[in-house]
Amino acid sequence: MNVERNVVCTFCGCLCDDINLTIEDNRIVKVEKACGNGRGLFEGYDPVPKRPKIMGTEASYQEAVNEASRILKSARYPLIYGLSSTSSEAQRMTVQLAELIGASIDSTSSVCHGPTGLAMQAVGEPTCTLGEIKNRADLLIFWGCNPLVTHSRHFARYSAMPKGRFVPEGRRDRKVIVVDVRRSETAKSADMFLQIKQGCDFEVLLALKALVMGRSLDAVEVGGIPVKLLQQLAGEMKACRYGVIFFGMGLTMTKGRDLNVRGVLSLVRELNDHTRFSALPMRGHGNVTGADQVMSWLCGYPFAVNYSRGYPRYGPGEFTAVDLLCSGEADCMLVIASDPAAHFPAPAVRHMETIPVIAIDPMESLTAAKASVYFPTAMYGVDCEGTAYRMDGVALRLKAPLKRQRPSDEEVLQALIEGVKSC
Amino acid sequence: MLIIKGGQVYDPANGVNGEAKDIYIKDGKVIKAQKDEACEVTVIDARGMIVMPGGVDMHAHVAGSKVNTGRKLCPEDHYEHFRIAEKGLRSGAGSRVPTTFLTAYRYVEMGYTTVVEAASAPLVTRHTHEELQDMPVLDKAILITMGNNEILMDMISQGRFDEARDVMAWLLNSTGGYGVKVVNPGGVENWKWGGNVQSWDDEVKYFGLTSRKLLDALVRSADSLKLPHPVHLHGLNLGVPGNAETTIEVIKDIQGRLHLCHLQFLSYAKDKKGRMHSGASAVMEAFNKCSNVTMDVGQIVFGNAVTMTSDGPLEYRIQKMTGHKWCNDDVECETGGGIVPMEYKIKSVASAVQWITGMELFLLAKDPWRVALTTDHPNAGPFFCYPQVIRLLMDKDYRNHFISLLPPKAFKGSVIKDLDREYSLYEIAIITRAAPAKILGLREKGHLGEGADGDVAIYDPRKFGLRGCICNFKDCRRALDFPAWVIKGGDIVVKDGKLLKEFPGRVYRVAPDFDRSIEEKIREDFEKYYTLSFENYPVQEDYLKGSKEVACI
Amino acid sequence: MSDESFSVICTLITGRTLEQAKGMHGGKTEEEYKQAVDKAFLSPEVLDKLSLKEGDEAIFKTSYGQVRVRVYADAGLPSDVVFVPMGPTANALVGSDTDGSGMPSFKGLQVEVSKP
């Protein structure tokens, strides 16, 4: 029995790296410091060897590689999707494979913070690493996100609670404001909650920017929020020492998508004329930030890339996974470290059922259960080493507290690269 | 064994100035001429060609967090500049912020074999190493930003200079870095409260020290550690009219070795109305006298650029001035930074003044051994325009034609019209190879003497300018581009300007000795102020495979 | 055609819940996950208006699809917003339209909630 200290948890974009695991007989028997989501990731994880499956029937590793290579090689418009729950080393190989077979490649960003990337490409992004919040931030605004559910240690370890160099009293030195359509778990913990009418974020953000700029509004309420309250909020934002807006799917998934995020980013830009302010997207999956980074440094674009012409082309709305599936264009799909069968709209899942799907995943996900070829692999940060990028872009090294008994994502990808080359 | 026969060799470090000489390379190293019946011999016929050591770029932003944010920020930079994957080589896209493989391929196809990533915060250097792994063939090194590091500022303000020196050493060891980068010392920390530093005696808020005290301590520490490369300084007031004053002050006052980067941006004078003009004459008068100071120029190239620096307040100012999209990133406890795309227009007085300033720095320099050619890629211009800058330095007719295109108002306070100096090939070899290698302290680079790394660029002078400029600037003329051959570590990698193959390059790093007890001393503060465990902070061995340690002697 | 007191037009939002995340760890083919995602949350007022008790089934219909799910109260919801945890049930209601961004309409669709 041994204790592994300072292990990185890969459940969400927080990448908490202070987790202690007690390991016995290559199983995790105790998890310390992790939140419920993280505990679920470590507890009960089974590194036991599992055979790949072809059409639901167990097969040898080589048979699965051959079949998957054949599928990829013969596809005319293959789609590679996922990436966000594996290491950057595996993500780099995924891009290499996409380039080799002329595939479209897209990460879960397209159904998460892809719109944030689009907004950033239009207006830029004033941001910071998480430590600046701990050390300086005295005003926190959570807009369209619910960290108590999605990033459960965010408040305690990174934002509301921590005592920092210039925020010695921690929570007492900070004001927490939540803007949401419903009184969520996070809203209940806030000092101030503004309930916004669903779909009105863009107008409210623009109104706030106007108020910050000193303009007056010819309205009594905007988006269900009284202008008096917005004036109060604008005042608090200008008067703080260092403010931060965290934002999430409430902005990216709703009408307006990237325009809503533009609203946040240009408001924060304006605020930097009055005080210091940063914006931070609440990145969901453990290494979706890594997928963004890897695709940016290899393809030049963070998601929605196509290699049909032998070089990377950018096409949100065209090369994004949901669009390629719903249009019926993708004739084959490789899914790595993601479960679109569970998370994609029904029309996309229906199309997936008509094309060969290759799944690479430590767990038998809904996608893997229906796949033509399924490779059960080791999980990054549990029984496989690698690199992952935190929601603020800081890269951390993942240990492998358990001994690996299944192939890594990298090994399977390498085998597919060679398999396709020799087909 | 590889023999390069009959070329005109320019190897200033060994006093070779264009003489016809054969170069022998074996096992990756330059050796004395010899007959060796035993091994296979490849001969390159270099008659009529210029043979130089591979180029050394000592200051470019090519890999890591800030650069990658720049790539993501500017998709429009990539649409029309791309490379198709073929023959075992990878694809890529981008011109000012190219993807990693494309960056490496382009440098090598220009005859460059060593590139230094100019700025990487310790906290995010793991990322820098990952990107450099995807930048093959080139040898690389990373400069680690320390000029706004809170642990260091605490110690220096408390007078704990020996411990500060140990922290510097610990940071270099913990990051796999090569040198110390200092950007706007104290100014970036002040920016985190909306302020800045404008003079060397301005205070760093809450830390109880001045910019001057901070820089002095860092320079002393670097010299005490015998780092091969001196502190690499991006000074105060970059881009501000009149900043030549703070530049001249640091040149005169600094005790110890100092490298001033992209000095063009820091050499402006101003008239009574506050408008900027070239201050290069005054700067070079001071610079020429102080042999402890070196510089790279950061020459402007007209066209699009992407400004990206750790100088947060500078990028905020650029954003206010241009109205362009703006990224800012405050990095906890260490530094900050920003990115704003820009354009240098030949008809703009400000851009023209900047161009003139850089040219004057080159032309007024008395000792080319203290000067390196850069464009602070991608801040002042893209690295693939070095051949244009070289042509401007070597060909005064071309330079004068260029000058005729600039707005007349830009010439106030300038002497450039009176400068008819032309750099010789020997001097170009100094400022693009021998000098940067020497200033960096990379003893096996930048020359072709016995023991040097077998990194060679062979240019056919008949083909200068044949490969068009990829930025469609109609007045672009080029020299020393389109190499006939490029050899890296004895391997032929480029033939007729085209890359033949790739393999991993090496990352050079330093590992100065230090008192290990410093780790325990800083652990408590570290865990108080950072957001990751002390144990997880250093760049692990996994990222340093194949790296090469350069001794601190 | 729906009887007015038996159907309400609301806005649909989908998203994470702690229960859904916990269910994922056990595996998405397991009962715990299915229980976590095959449900919906309404404000107490809407439950009332439709004469539904917690645990009753209701029909949710968007222009893309229709599901029948058990409903529960969430007092934090405004009366015109309903919440379905992310998963296959939610996705049966979400269509292919991404407005050219790649992002489907996971939040903001008009949904008709009716008592079966």
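Looking for whichever is within 11 Å of chain B (Cβ to nearest Cβ), at pLDDT 95 or above and at negative phi here; the options are A:Cys112, A:Cys145, A:Cys128. Which one fits? Spell out how you get there, then give the answer.
Details: A:Cys112 fails: within 11 Å of chain B (Cβ to nearest Cβ); A:Cys145 fails: within 11 Å of chain B (Cβ to nearest Cβ).
Every option except A:Cys128 fails the conditions.
Would you check if there is a residue in region B:288-299 being more than 26 Å from B:Ile254 (Cα to Cα) and either among the hydrophobic types (A, V, I, L, M, F, W, C) or within 12 Å of chain A (Cβ to nearest Cβ) (or both)? There is no residue in region B:288-299 that is more than 26 Å from B:Ile254 (Cα to Cα) and either among the hydrophobic types (A, V, I, L, M, F, W, C) or within 12 Å of chain A (Cβ to nearest Cβ) (or both).
Considering only region B:85-133, state which residues are part of a loop (DSSP other than H, G, I, E, B), of a type in the set (A, V, I, L, M, F, W, C) and either at pLDDT below 95 or farther than 24 Å from A:Asp292 by Cβ (or both). Quick ask: steps written out before the conclusion?
Let us first name the residues in region B:85-133 that are part of a loop (DSSP other than H, G, I, E, B), namely B:85, B:87-88, B:90-91, B:94-99, B:109-111, B:121.
Then drop every residue that is not of a type in the set (A, V, I, L, M, F, W, C), which leaves B:85, B:97, B:110, B:121.
The one that is part of a loop (DSSP other than H, G, I, E, B), of a type in the set (A, V, I, L, M, F, W, C) and either at pLDDT below 95 or farther than 24 Å from A:Asp292 by Cβ (or both): B:Met110.
Against the conditions (1) in the same structural domain as A:Thr377 (by TED's automatic domain parsing); (2) under 28 Å from the mean Cα position of the chain (by Cα), A:Lys33 satisfies every one except (1).
Determine whether A:Lys255 is without any contact (Cβ under 8 Å) to a residue 40 or more places away in the chain and either surrounded by fewer than 24 Cβ atoms within 10 Å (Cβ to Cβ) or more than 30 Å from A:Gly82 (Cβ to Cβ) (or both). Break it down stepwise before answering.
Details: without any contact (Cβ under 8 Å) to a residue 40 or more places away in the chain: no; either surrounded by fewer than 24 Cβ atoms within 10 Å (Cβ to Cβ) or more than 30 Å from A:Gly82 (Cβ to Cβ) (or both): yes.
No, not satisfied.
Only residues that are without any contact (Cβ under 8 Å) to a residue 40 or more places away in the chain and within 22 Å of A:Gly164 (Cα to Cα) were counted across region B:533-542, and they come to 4. Only residues that are within 7 Å of chain B (Cβ to nearest Cβ) and in a helix (DSSP H, G or I) were counted in region A:263-286, giving 1.
Residues checked against (1) over 20 Å from B:Ser281 (Cβ atoms); (2) among the small types (Gly, Ala, Ser):
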residue: B:Phe411; (1), (2): no, no
residue: B:Ile430; (1), (2): yes, no
residue: B:Gly449; (1), (2): yes, yes
residue: B:Val456; (1), (2): yes, no
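Would a scan of region B:15-25 turn up a residue that is surrounded by 12 or more Cβ atoms within 10 Å (Cβ to Cβ) and in a loop (DSSP other than H, G, I, E, B)?
Start the filter on region B:15-25 by keeping residues that are surrounded by 12 or more Cβ atoms within 10 Å (Cβ to Cβ), which leaves B:16-18, B:20-25.
Pick out the ones that are also in a loop (DSSP other than H, G, I, E, B) and you get none.
Checked region B:15-25: no residue is surrounded by 12 or more Cβ atoms within 10 Å (Cβ to Cβ) and in a loop (DSSP other than H, G, I, E, B).
Looking across region B:418-456, the residues that are acidic (Asp, Glu) and either in contact with a His (Cβ under 9 Å, 6 or more places away or on another chain) or farther than 25 Å from B:Tyr178 by Cβ (or both) come down to B:Asp418, B:Asp420, B:Glu422, B:Glu427.
Hey, among the residues in region B:71-93 that are among the acidic types (Asp, Glu) and closer than 30 Å to B:Glu315 by Cα, which one's farthest from the other protein chains (Cβ to nearest Cβ)?
Keep residues of region B:71-93 that are among the acidic types (Asp, Glu), which gives B:76-77, B:80, B:86.
Restricting the remaining residues to those that are closer than 30 Å to B:Glu315 by Cα gives B:76-77, B:80.
Numbers: B:Glu76: 8, B:Asp77: 8, B:Glu80: 11 Å.
Only one residue tops the list, namely B:Glu80.
Restricting attention to region A:382-403, which residues are away from chain B (no Cβ under 12 Å) and within 19 Å of A:Phe11 (Cα to Cα)?
The initial filter retains those residues of region A:382-403 that are away from chain B (no Cβ under 12 Å), namely A:382-384, A:401-403.
A:Val382, A:Asp383, A:Cys384, A:Pro401, A:Leu402, listed by residue number.
Restricted to region B:520-541, and to residues there that are under 22 Å from A:Gly386 (Cα atoms) and more than 7 Å from every other protein chain (Cβ to nearest Cβ), the residue that is surrounded by the fewest Cβ atoms within 10 Å (Cβ to Cβ) is B:Glu541. Suppose the filter is more than 30 Å from B:Asp515 (Cα to Cα), in a loop (DSSP other than H, G, I, E, B) and either at pLDDT 95 or above or out of contact with any Gly (no Cβ under 9 Å at 6 or more places or on another chain) (or both); does B:Pro241 pass it? Criteria met by B:Pro241. For region A:287-346, the tally of residues that are facing another protein chain (nearest Cβ under 7 Å) and aliphatic (A, V, I, L, M) stands at 5. Restricting attention to region B:424-479, the residues being over 19 Å from the mean Cα position of the chain (by Cα), closer than 19 Å to B:Lys21 by Cβ and among the aliphatic types (A, V, I, L, M) number 6. Check region B:106-114 and report whether any residue there is at positive phi and more than 10 Å from chain A (Cβ to nearest Cβ). Scanning region B:106-114, I find at least one residue that is at positive phi and more than 10 Å from chain A (Cβ to nearest Cβ), so the answer is yes. Residues of region A:353-369 that are more than 10 Å from chain C (Cβ to nearest Cβ) and touching a helix residue (DSSP H, G or I) at 6+ places or on another chain (Cβ under 6 Å): A:Pro356, A:Ile358, A:Ala359, A:Ile360, A:Asp361.
Can you name the residue in region A:19-69 that is on the phi > 0 side of the Ramachandran plot and within 14 Å of chain C (Cβ to nearest Cβ) and is also modelled with the highest pLDDT among such residues? This residue is A:Gly56. Scanning region C:1-24 for residues that are out of contact with any strand residue (DSSP E or B) (no Cβ under 8 Å at 6 or more places or on another chain), surrounded by fewer than 22 Cβ atoms within 10 Å (Cβ to Cβ) and within 11 Å of chain A (Cβ to nearest Cβ) yields C:Leu18, C:Lys22.
Residue by residue through region B:191-226, note down the ones that are assigned to a loop (DSSP other than H, G, I, E, B) and either within 14 Å of another protein chain (Cβ to nearest Cβ) or buried (at least 24 other Cβ atoms within 10 Å of the Cβ) (or both). Matches in region B:191-226: B:Lys192, B:Trp193, B:Gly194, B:Gly195, B:Asn196, B:Val197, B:Lys205, B:Tyr206, B:Phe207, B:Gly208. Just to be sure, is B:Val188 of a type in the set (A, V, I, L, M, F, W, C), away from every other protein chain (no Cβ under 14 Å) and either surrounded by 24 or more Cβ atoms within 10 Å (Cβ to Cβ) or part of a strand (DSSP E or B) (or both)? No: the conditions fail for B:Val188.
Pairing residues of region A:29-42 that are among the aromatic types (Phe, Trp, Tyr) with residues that are in a strand (DSSP E or B), at Cβ distances under 8 Å and at least 6 apart in sequence or on separate chains, gives A:Phe42/A:Ile19; A:Phe42/A:Leu21; A:Phe42/A:Ile28; A:Phe42/A:Val31.
Can you pull out the residues in region B:21-70 that are in contact with a strand residue (DSSP E or B) (Cβ under 9 Å, 6 or more places away or on another chain) and within 14 Å of chain A (Cβ to nearest Cβ)? Can you show your working first?
Of region B:21-70, the ones in contact with a strand residue (DSSP E or B) (Cβ under 9 Å, 6 or more places away or on another chain) are B:21-26, B:28-34, B:36, B:39, B:41-67, B:69-70.
Hits for region B:21-70 are B:His61, B:Val62, B:Ala63, B:Gly64, B:Ser65, B:Lys66, B:Val67, B:Thr69, B:Gly70.
Name the one entry in A:Gly300, A:Gly223, A:Gly214, A:Gly290 that is in the same structural domain as A:Leu83 (by TED's automatic domain parsing) and at positive phi.
Numbers: A:Gly223 fails: in the same structural domain as A:Leu83 (by TED's automatic domain parsing); A:Gly214 fails: in the same structural domain as A:Leu83 (by TED's automatic domain parsing); A:Gly290 fails: at positive phi.
When all the criteria are applied, what remains is A:Gly300.
Considering only region B:418-433, how many residues are among the aromatic types (Phe, Trp, Tyr) and either in contact with a Ser or Thr (Cβ under 6 Å, 6 or more places away or on another chain) or assigned to a loop (DSSP other than H, G, I, E, B) (or both)?
Our first condition is that a residue be among the aromatic types (Phe, Trp, Tyr); within region B:418-433, this holds for B:423, B:426.
Filter once more, so that each one left must be either in contact with a Ser or Thr (Cβ under 6 Å, 6 or more places away or on another chain) or assigned to a loop (DSSP other than H, G, I, E, B) (or both): B:423.
Residues meeting the conditions: 1.
If the condition is being in contact with a helix residue (DSSP H, G or I) (Cβ under 7 Å, 6 or more places away or on another chain), in a loop (DSSP other than H, G, I, E, B) and hydrophobic (A, V, I, L, M, F, W, C), then region B:503-518 contributes B:Ala511, B:Phe514.
The values are calculated or read from the model by the stated rules, or taken from the named source; none is laboratory data. In this text, all values refer to a predicted model and were calculated from it rather than measured experimentally. No Cβ is skipped: glycine too gets one built from the backbone with ideal geometry, and neighbour counts run over all protein chains shown.
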